[in-house]
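> Got a structure for you, written out below as structure tokens; questions coming shortly.
Quick note: the coordinates plus some simple rules give every number you see, no bench work behind them. These numbers were taken from a predicted model, which means no experiment stands behind them. Cβ placement follows ideal geometry from the backbone for every residue including glycine, while neighbour counts extend to all protein chains displayed.
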Amino acid sequence: MKKITLTRIGVSVALVSLVSAGVLVACSDDNNNPGPTADSGTDSDIGQPDAPVVDTGVKDSGKNVTVGLVHAAANLGPLLACYAIGSGIIGDQTNANRPVGPILPGIVGLFDSPLDLGLVDFTPFVLDATSSKVQAKLAAGKSCAELVTLEGVDSGGTDQLEEGVDYFRLPAVAKGTLSKNKTVLLAITGCSPAGAAGGNAGGGVAGNAAICGPNYDGGNPHGNLQLLVKVLSNDVTATGTSGVQFAHLSSEVSGLSPSVHVKNDGGAYQTVVEGATFGSILPAAPAAITGLSVDSTIRLSNAGDAEAPLPLVGTIDIGNASTQAASLQTEAGAAFWSAGSNYAYIIVGGPAGSYNPFPDGGYVNNHAAHLLVVKAPQAL
């Protein structure tokens, strides 16, 4: 039987002012539509509230949403972001409302929003950070309000930004989607038609079904670029256990539906989920796993048998230390892993991707297949 072991992925990132910006991306979960659409799922595994949220004018107490931002778009490099609230266009409020970023490929950043994002509708825009037109406008000191309008982007001469190439307008996020006391994954997936200079394998690969997924449509200005919202469960698991979920966010291996297992030193495999499909986060109620630690190993296999090989690639083992190193976390070290917390593992990238610094050496362009992890505390 063939087995692949993924060793530690070295990750060097440019930290961004996510906290000051408050939000970066929107939501979609319709894998049958080629363009970005509104999320139509349920709260347990898709990311919508259990019931519509009505603004009564009373501001509730509680912690603002914790956001795990994932860049899993297969052929886009680093992105920048602006967003509209009402008629205003906002960016990094600590930096003259210039675009927020870079949002780096293949990495998850976890942060607490300083704003109660459940109280407003907002429309996000993402811009290709590698575009020469975008870079020229940034060098000229342009703010988000000067780059983006609710009708599109600025119309100034030959350097006008081109939709589907230099920028992408994403669907509005409805009030109540990012409500308090939740941990939410916001994941950019799929492809743009043209790709970008910092795309898959660092080379500006044009969109195609092999890396973009079966719903790719090159005739759509957005390709099948979409934003998925996935609410992580904070359900309490059995005493002394950790809750574990698995999010399949890699369009590049969308044809694989792996089963996911956890193994501790000397222990038997514990199954998290069987047959995870692209765009899902499963199980809805986290699997109760005993002994989860920095020394644990995640195995991807076929069907429910931990020894059953996946087609072409066999079984795949990834250590928790590697997964933690590939993720931006609010805490590091062995203490990150503890009973009484929930964890979501996220698969991104693919076999055709590569891990390399961006051309100027300052960004990370990680489209190689790997796992990420975020932590969601259990409810009190």
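> Compute the signed sum of charges (Lys and Arg +1, Asp and Glu -1) over the other residues within less than 15 Å, Cβ to Cβ, of GLY164.
In short, -3.
> In nm, to one decimal, how far is the modelled label at GLU331 from the one at GLU163, with both set 7 Å along Cα→Cβ?
For GLU331 paired with GLU163, the spin-label model returns 4.6 nm.
> Taking 7 Å along the Cα-to-C-beta vector as the label spot, tell me the ASP121-ALA285 distance in nanometres, rounded to one decimal.
Here the modelled spin labels are 3.6 nm apart.
> Across segment 165-173, in residue order, what do the Karplus-derived ³J(HN,Hα) couplings come to in whole Hz, using 6.51 cos²θ - 1.76 cosθ + 1.60 with θ = phi - 60° and x for Gly and Pro?
So the J values, rounded to whole Hz, are 10, 8, 8, 9, 8, 10, x, 5, 9.
> Mind sorting HIS222, HIS248 by how few other Cβ atoms lie within 10 Å of their own Cβ, fewest first?
On the way: HIS222 22, HIS248 25.
Ascending Cβ contact count within 10 Å gives the list HIS222, HIS248.
> So, one more: How far apart, in nm, are two points set 7 Å out from the Cα along the Cα-to-Cβ line at ALA206 and at LYS63?
So the label points at ALA206 and LYS63 sit 4.7 nm apart.
> Of LYS137/LYS180; LYS180/LYS375; LYS63/LYS230; LYS230/LYS263; LYS133/LYS375, which pairs sit farther than 27 Å apart, going by alpha carbon to alpha carbon?
Going by Cα-Cα distance, LYS137/LYS180; LYS133/LYS375 fall outside the 27 Å limit.
> I need the shape label for segment 256-311. Rule: rounded when a/c is under 1.5, else prolate if a/b > b/c, else oblate, with a, b, c from the alpha carbon gyration tensor.
Working: a/c = 2.23, a/b = 1.32, b/c = 1.69.
Oblate.
> Quick one: 3J(HN,Hα) in Hz for segment 207-215, Karplus 6.51/-1.76/1.60 with θ = phi - 60°, rounded, Gly and Pro as x.
Listing the rounded values in order: x, 7, 4, 5, 10, 9, x, x, 9 Hz.
> Quick one: which residues, 5 or more positions from THR277 or on another chain, have an amide H under 5 Å from its amide H? H modelled 1.01 Å from N in the peptide plane, none for Pro or chain starts.
Distant-sequence amide H within range of THR277: zero hits.
> Turning to a different aspect of this structure: Given a Förster distance of 30 angstrom, what is the FRET efficiency for ASP112 paired with ALA308, based on the Cβ-Cβ distance and rounded to 0.05?
Details: r = 40 Å, r/R0 = 1.33.
Computed FRET efficiency for ASP112 and ALA308 comes out at 0.15.
> Here is a follow-up. Each residue of segment 247-256 in turn: what ³J(HN,Hα) in whole Hz from Karplus with 6.51, -1.76, 1.60 and θ = phi - 60°, glycine and Pro shown as x?
Those phi angles translate into 10, 9, 10, 9, 5, 6, 10, 5, x, 9 Hz.
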